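First the structure, in the form of structure tokens, and then the observations on it.
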Amino acid sequence: MDGTRTRKKKTVDGAAEKQTFAFRLARMIVKKQKWIVSLFVIGCLFSLIAMFFVNVNYDLTEYLPGDAESRIGLEVMEREFGYPGTARVMLKDVSIYEAKQIKDKLAKVPGVDQILWCDSQVNLYGPESFMDQEAIQDYYKDGCAVMDITFEEADGASETKRALEEMEEIVGDQGYFVGMAVQNRSLAETLESEMDRILVVAVLMILFVLCISTTAWSEPVLFLLVMGVAILLNRGTNIFIGTISFMTNNVAIILQLATSMDYSIFLLDAFSRERERGASDETAIVTAIEEAINSIFASSLTTVVGFLALTSMKFTVGFDLGLVLAKGIVFSLITVVFFMPALILKFAKWNDKTRHRPFLPSFQRFARGVYRGRLLALGLMVLLVPFAYTAQGMNEFLYGNSSVGAAQGTKVYENDQEIIRVFGRSNLLMAVYPNTSPAAEREMTEEIEGLPYVKSVTSMANTLPEGIPEEFLPESLTGKLHTEDFCRMLIYIRTKEESDTAFQCSDELKRIVREYYPQESYLVGQTPSTQDIKETITSDNARVNFWSLLGVFLVVMASFRSLVIPVIVMIPIEVAIFYNMAVPYLMGDTLVYLGYIIVSSIQLGATVDYSILLTNNYMKARKTLEKKEACIEAVSRSCSSILTSGSIITLAGYIVHLISTTAAIGDLGHLIGRGGLFSMILVLTALPALLVLGDRFLLAHRKKALAAAGKAKAAIGVLAEKGKMKSE
């Protein structure tokens with residue numbers, strides 16, 4: 001019996017220790033603030049240096065799963081032949097002889113492997129009238145010459161970039177360059193310049209929102225300083241990941257800033273309330289930290305779970321983005337809890353000196369209007385849900401690299417349209433197959449050359465004259481097409497890289513290659529990779545949605561200890577996601593699928609806090625007020641926070657959309673901005689109706705929670721009394 005009492009007493013003591021842990025941690029943070037600030041300064045200095053050593057990847061095919069057929073083929077080709085970068089150049093206003101001279105100069109540029117042009121098929125040194133015009137029309141016509149370039153290194157290699165720069169100097173204004181190597185370089189340069197503008201505009205707009213929603217001119221500076229430290233730490237620690245995607249590199253900053261600003265606002269508000277009650281600065285900050293730890297942790301956990309759901313994607317750009325975004329929220333949480341208290345104490349006098357009257361109203365009239373129109377808002381939401389759900393599943397999408405770096409509005413796109421106008425399209429595919437049968441290779445080459453959509457074929461079979469041993473040719477030539485174990489064939493087809501027609505051509509070429517070489521044969525290039533990206537990423541959609549919904553549901557359920565509240569909380573956010581994704585279909589827009597799949601979990605994780613805040617305020621008000629007044633009180637108390645947070649994420653998203661010319665980044669920004677707006681509207685209009693309608697369930701939950709708390713308190717009292725009697 002005594003042993004049982006001892007165990008119970010330990011349990012009670014343990015509970016007491018848990019109850020005071022936040023307070024003791026808060027005291028420690030304030031007491032050790034100089035040491036903590038020193039650690040953050042060291043961390044910032046490290047991150048400032050480390051961030052420049054983080055590699056950025058612009059090739060989406062790198063994120064295909066290891067078992068994807070095109071990924072296996074690329075690995076085989078890279079091992080045997082290397083993974084060459086490709087480009088296409090059109091020369092304008094040149095004679096065929098001038099084009100030949102320029103082509104020879106371009107072929108000598110370091111880093112260029114080969115340039116395919118009509119001089120390999122037609123003798124250009126005879127009279128022009130004797131030339132076979134039909135044979136050269138794919139390469140020269142109307143005073144324009146087009147050439148297909150293969151580099152020695154990959155599209156994103158520094159040697160390839162240098163080669164492109166030297167080639168541009170040679171051709172001057174006469175040249176129009178396109179292709180993956182050009183896209184990658186253009187994308188890197190464009191994003192770097194655009195993100196500088198995006199950050200400047202975003203910071204100014206967020207500063208404006210904070211100036212309106214706060215009551216001191218120095219408070220927005222404090223918030224941005226804290227978030228700046230958190231963002232810097234997140235960017236610097238990406239060095240431990242090594243390489244991140246271009247999407248992660250350019251979206252993470254804005255999303256971290258937009259989704260975690262609330263944490264710093266909450267801590268400062270708690271500090272201000274304690275000071276108004278008469279507490280000293282040090283006591284007020286300790287109490288504020290103690291109060292904030294649990295609230296900020298609960299709020300950040302839903303966002304982290306939403307972001308971590310992306311790591312379940314087989315298309316591992318999701319893992320890359322989800323990990324960095326979740327890490328950013330964690331750093332924001334740590335920075336607010338540990339670093340911000342010292343800054344608050346430093347800024348306290350400045351905040352006092354720069355006080356101004358509140359610019360935001362009390363929202364009481366708005367709240368009463370919401371209550372009166374709650375059923376209308378709920379009815380409209382329910383009425384539109386079936387249409388929105390159907391429409392969001394009917395969108396048209398783009399999947400591959402070409403939808404990212406050569407989107408409308410870019411110079412690469414303009415050059416591509418000019419080349420297409422004169423010569424049509426040219427899409428490079430490469431067949432990789434075993435080096436087992438020269439006869440089969442020759443037959444396969446002839447069959448592929450006969451296809452109507454094939455522009456040209458380069459293989460050892462049609463390069464080496466019949467009857468001449470391969471050993472007679474230099475290894476520098478044969479090594480590009482044959483190794484001891486594998487062969488490679490370069491196939492140019494007349495399609496764009498991503499279209500139904502391109503996919504059909506790719507499938508037919510795969511079938512032909514496998515007829516001749518059933519084992520270990522692959523077709524690689526942007527089109528086959530895009531097909532695999534499409535197959536992989538569409539299957540990821542259901543997985544990401546499932547894990548994000550389940551994760552957020554469990555977090556909310558654990559916070560409220562209820563099965564009903566998570567459903568009520570999540571309904572308006574899920575409906576907002578349906579509305580957000582339905583708009584592109586109604587507008588006739590084509591989306592980059594990567595942005596579509598990512599935004600669902602981002603919108604859920606980042607905006608479900610609005611629902612949680614309003615629900616929390618309703619349940620607090622319901623302790624002393626009737627349903628109507630509790631609803632009005634909850635809406636009026638929540639409006640300021642929801643409008644501030646919602647405005648920040650909406651502005652951040654639309655700024656990215658309006659400034660970025662990169663389709664994947666611009667689409668993602670548009671979806672995030674519009675999603676934040678829809679979530680904000682539905683939480684403030686439809687959720688109050690759901691809370692009032694579900695009031696009975698909420699009250700039942702509250703009564704159970706109060707009863708459980710009362711029993712626990714009584715049990716603690718009994719055990720404490722018994723422990724006291726025993727000691728006496």
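The values are calculated or read from the model by the stated rules, or taken from the named source; none is laboratory data. Keep in mind the model is a prediction, meaning the values are calculated, not measured. Virtual Cβ from ideal backbone geometry, glycine too; neighbours counted across all protein chains shown. All accessible areas refer to the heavy atoms of the entire protein, side chains included, with ligands and DNA or RNA removed. Shrake-Rupley method; radii C 1.70, N 1.55, O 1.52, S 1.80 Å.
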Legend entry - For the range 321-422, convex hull of alpha carbons as volume per residue, Å³: 302
Inset, instruction - Please list the radius of gyration and Dmax for the range 519-570, considering alpha-carbon atoms only, with Å as the unit. - result: 19.3, 58
Inset, instruction - Work from the charge dipole of the chain (Cβ charges, +1 for Lys and Arg, -1 for Asp and Glu, about the Cα centre) and give the residue of I296, G400, F546 farthest towards its positive end. - result: I296
Legend entry - Dipole in debye (nearest 20) - the chain, about Cα centre, beta carbon charges: Lys, Arg +1; Asp, Glu -1: 7360
Inset, instruction - Report, ordered by chain and residue number, the aspartates and glutamates lying within cross-link reach of K628, taken as a straight Cα distance under 12 Å and ignoring same-chain residues fewer than 8 apart. - result: D695
Legend entry - Most to least packed among 29-35, 628-634 [average Cβ atoms within 10 Å]: 628-634, 29-35
Legend entry - Helix axis angle, 564-587 relative to the chain longest principal axis, alpha carbon, degrees: 30
Legend entry - Calculated from backbone phi, Karplus (6.51, -1.76, 1.60) coupling profile of the range 501-518 in Hz, x at Gly/Pro: 5, 4, 5, 5, 4, 4, 5, 5, 5, 4, 4, 5, 4, 6, 5, 8, 9, x
Inset, instruction - Over the range 414-565, calculate the relative contact order: mean separation of alpha carbon pairs under 8 Å at least 6 apart, over the residue count, as a percent. - result: 31
Inset, instruction - State whether the range 278-377 is rounded, prolate or oblate according to the following rule on the C-alpha gyration tensor (a ≥ b ≥ c being the square roots of its eigenvalues): a/c under 1.5 gives rounded; otherwise a/b larger than b/c gives prolate, and the remaining case gives oblate. - result: oblate
Inset, instruction - Over the chain, with every protein chain in place, what whole percent of the accessible area is carbon and sulfur at 1.4 Å, could you tell me? - result: 58
Legend entry - Principal axis dimensions, largest first and in whole angstrom, of the range 210-278 by Cα: 51, 23, 16
Inset, instruction - Loop only per DSSP, at most 16 neighbouring Cβ atoms within 10 Å: give me the trypsin sites (Lys or Arg not before Pro) in the range 498-570, ordered by residue number. - result: R561
Inset, instruction - Send over the semi-axes of the range 157-290's equivalent ellipsoid, whole angstrom and largest first, taken as the square roots of 5 times the C-alpha gyration tensor eigenvalues. - result: 46, 16, 9
Inset, instruction - Can you tell me the 0 to 90 degree angle between the C-alpha axis of helix 627-659 and the longest principal axis of the chain, rounded to 10? - result: 20
Legend entry - Viscosity 1.306 mPa s, 10 °C: Kirkwood-radius Stokes-Einstein D of the range 530-667 over Cα pairs, µm²/s: 93
Inset, instruction - Name the shape class, rounded, prolate or oblate, that the alpha-carbon gyration tensor gives for the range 192-232, where a ≥ b ≥ c are the square roots of its eigenvalues, rounded holds for a/c under 1.5, and otherwise prolate holds if a/b is larger than b/c and oblate otherwise. - result: oblate
Inset, instruction - Sorted from largest down, give the three principal axis spans of the alpha carbons of the chain, whole angstrom values. - result: 112, 62, 56
Inset, instruction - Sticking to Cα atoms, compute the Rg of the range 576-650 to one decimal and its Dmax as the biggest Cα-Cα distance, whole number, in Å. - result: 16.4, 51
Inset, instruction - With 23 Å as the limit, write out which pairs from K161/K314; K34/K327; K31/K346; K34/K353; K105/K496; K411/K455 have Cα-Cα distances beyond it, or answer none. - result: K161/K314; K34/K327; K34/K353; K105/K496; K411/K455
Legend entry - Diffusion constant of the range 619-694 at 10 °C, which comes from Stokes-Einstein with the Kirkwood Cα-pair radius and 1.306 mPa s, µm²/s: 115
Legend entry - Global form of the range 332-388, assessed from the alpha-carbon gyration tensor, a/c cut-off 1.5: oblate
Inset, instruction - For the range 314-421, give the magnitude of the charge dipole about the Cα centre (Cβ charges: +1 Lys/Arg, -1 Asp/Glu; no others), in debye to the nearest 20. - result: 1040
Legend entry - Accessible area (Å², per residue) of the chain, counting only protein heavy atoms and a probe of 1.4 Å: 45
Legend entry - Angle in degrees between helix 180-213 and the longest Cα principal axis of the chain, rounded to the nearest 10: 20
Inset, instruction - In whole Å, largest first, what are the principal axis extents of the Cα atoms in the range 133-220? - result: 76, 29, 19
Inset, instruction - Rounded to the nearest 500, what is the 222 nm mean residue ellipticity of the chain from helices alone, with -39500 (n - 2.57) per DSSP H run of 4+ residues and division by all residues? - result: -23500 deg cm²/dmol
